Structures are given as structure tokens and as C-alpha cells.
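Since the structure comes first, as C-alpha cells, the remarks are kept for the end.
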Amino acid sequence: MPTVNLRADRLDEEAARFDQVPLTRPLFVNSVPKCGTHLLRNILRMFVPPAQHYARDFVQYPNLAQTQEAFRQPLLSCGHLLFTDSTALVTAHVMRLLLVRDPYDWVLARARFFLSENFESDMAELRDPRLSLEDLLSLMIFGIYRKAPSLSETFSHNAAAWLPGMHLLVRFEDLKAAVGTLDEAYFSRLLEACGIAMPADWRERVRIGADPAHSGTARVNLSGVARSLPDSLPQTHRRLVDYEAPGLRQLLGYSQP
């Protein structure tokens with residue numbers, strides 16, 4: 001598996017400053033990689049006792065045997081867990097949130113992360129300056145043979161197949177906007193789906209958890225990204241996303257029928 005270089009944060013100490021009500025059921029934040037997992041996880045950590053933060057690793061299919069202990073007791077855990085019979089069974093009793101991102105923006109987020117020094121893998125060719133931006137973005141959409149799955153494969157197994165059994169679908173863009181405005185109705189629904197009562201000091205908790213300083217993979221904290229990427233996906237590659245994964249953006253609520 002590729003290696004992700006993260007710096008330690010102090011959120012456990014921050015969370016310990018607040019009165020916490022213990023979770024009564026396991027809570028799992030499942031997400032497509034590069035959809036803001038640390039943002040959602042860090043916000044929720046501010047509402048859960050630090051002793052119930054599962055910090056051993058992100059739960060993924062290759063390490064499921066070592067990490068499924070997170071589902072055997074009331075803990076907050078996070079991961080990028082693909083859907084299959086075994087993963088459906090071990091999480092059947094768990095409160096499950098699913099975090100997604102607009103596939104158009106996901107292509108750019110994936111490219112930015114793969115190009116950064118925070119990500120170590122056997123895909124060094126992506127940093128070769130001879131590789132055009134157009135080809136780089138196409139590789140993010142269609143995948144890299146035997147190295148990285150396509151957009152369709154990733155969203156199919158990490159998002160679409162999980163949808164019917166989710167307690168709540170969280171869109172990164174909605175979460176980010178709610179953080180900016182401190183939308184009380186939004187966070188009330190989010191915490192309710194997690195089985196967490198909304199405390200009076202929820203705004204301060206959200207502000208602390210959402211601070212990019214606590215996320216090693218936040219865009220502002222990625223290092224070594226030498227190539228400049230556009231702020232929005234070019235129109236040709238948007239059409240390629242729609243070709244590679246027809247109906248996906250509509251399924252996730254990013255386009256109208």
C-alpha cells in the first residue's frame with residue numbers, strides 16, 4: 001500500500017477540554033479518498049471522548065483484519081473501505097456515514113495529492129515534467145494500470161454501493177460551506193445521524209476541529225506540489241468524467257436528472 005506522511009495533531013487534548021458524552025454504538029466515517037475525510041473526522045472528534053477515538057489506522061480492506069476491532073466497541077473510526085460481502089457484514093451494526101465529493105473536483109484533488117511529497121508510492125512518473133497536464137488529469141480519471149484504480153472503480157466500490165445502507169450521505173462541499181457559516185441546522189442533522197446530542201458550545205468545537213492546522217492532508221498543508229493545477233476541471237475532462245462514470249454525479253446529488 002502507498003504511504004501517506006502525516007504530522008501529529010493535538011485534537012485529543014483539545015477535545016478533552018470539553019464535556020463529552022460517550023458513544024453508545026460504533027461510528028464509522030467511510031469515504032472516497034480525497035473527499036475531506038480529515039475535515040469530517042476532526043470535527044466529530046471534538047464531540048467524542050478521546051478514549052473513543054480509534055487512532056490505530058484508517059480502516060481499509062487490506063488492513064481489515066487488523067482494524068475491524070474498531071467496530072467491536074463504541075468507537076469513532078474512519079476509513080476508505082470498499083464494499084464487499086465481508087465489509088458489509090463487519091459494519092452491519094455500525095452507524096455509518098458516507099463522505100463524497102463532486103467527481104469533477106475529486107480529479108484535481110487526487111492529482112494534487114499524488115504530486116505531493118505527502119504521498120509515497122511507485123507512481124513517481126506522475127512528477128515527470130514531460131507528462132502534460134492533460135495526460136495527468138486523464139490518468140486520474142481512467143486510472144493507472146496495476147497502480148491506481150479509475151474514478152469509476154473508486155466511486156463504485158467506495159461510495160455508490162454503500163449508499164443504501166448509510167445513516168447519512170455527507171457531501172464535502174456542503175460540509176465546507178456549513179463550516180464557513182456555522183450552519184446550526186446542518187450540524188444538528190450531522191450530529192443526530194451520529195447519535196450525538198448537540199451541546200451548547202458546538203460552534204467552538206466545530207471551529208477547532210475544522211482548523212486546517214490539524215489536517216496533514218489539507219490542501220494548504222501539502223508539500224512539494226511543483227506543478228500548477230487549475231482551480232476547476234477543464235471542460236474536456238468533465239466530459240471524460242461523464243463518459244467514464246455516467247450517472248455518478250446525479251446519483252451523488254451533484255446534477256439534476
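Readers should treat all values here as calculations from the given coordinates under stated rules, not as data from a laboratory. Note that the structure is predicted; figures quoted are calculated from it, not measured. So basically every Cβ, Gly included, is an ideal-geometry build from the backbone, and we count neighbours across all protein chains shown.
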field: Residues of region 232-257 satisfying the condition of being in a loop (DSSP other than H, G, I, E, B) and either farther than 17 Å from SER150 by Cα or touching a helix residue (DSSP H, G or I) at 6+ places or on another chain (Cβ under 8 Å) (or both)
entry: SER232, LEU233, PRO234, ALA245, LEU252, GLY253, TYR254, SER255, GLN256, PRO257
query: Among helices (runs of 4 or more DSSP H) lying entirely in region 139-193, which contain 2 or more residues that are free of Cβ contacts under 8 Å to residues at least 12 places away in the same chain and farther than 27 Å from TYR61 by Cα?
result: 172-181, 184-193
query: On the given criteria, is ALA16 surrounded by fewer than 20 Cβ atoms within 10 Å (Cβ to Cβ), of a type in the set (Gly, Ala, Ser), out of contact with any Cys (no Cβ under 9 Å at 6 or more places or on another chain) and within 25 Å of PRO212 (Cα to Cα)?
result: yes
- request: Of all residues in region 14-49, count the ones that are in contact with a Pro (Cβ under 9 Å, 6 or more places away or on another chain) and of a type in the set (Phe, Trp, Tyr).
  value: 2
- request: Please give the helices (runs of 4 or more DSSP H) falling wholly within region 1-106 in which 3 or more residues are more than 18 Å from TRP202 (Cα to Cα).
  value: 64-67, 85-90
message: in contact with a Leu (Cβ under 9 Å, 6 or more places away or on another chain) and not basic (Lys, Arg): which single residue out of ASN30, ASN63 fits that description?
response: ASN30
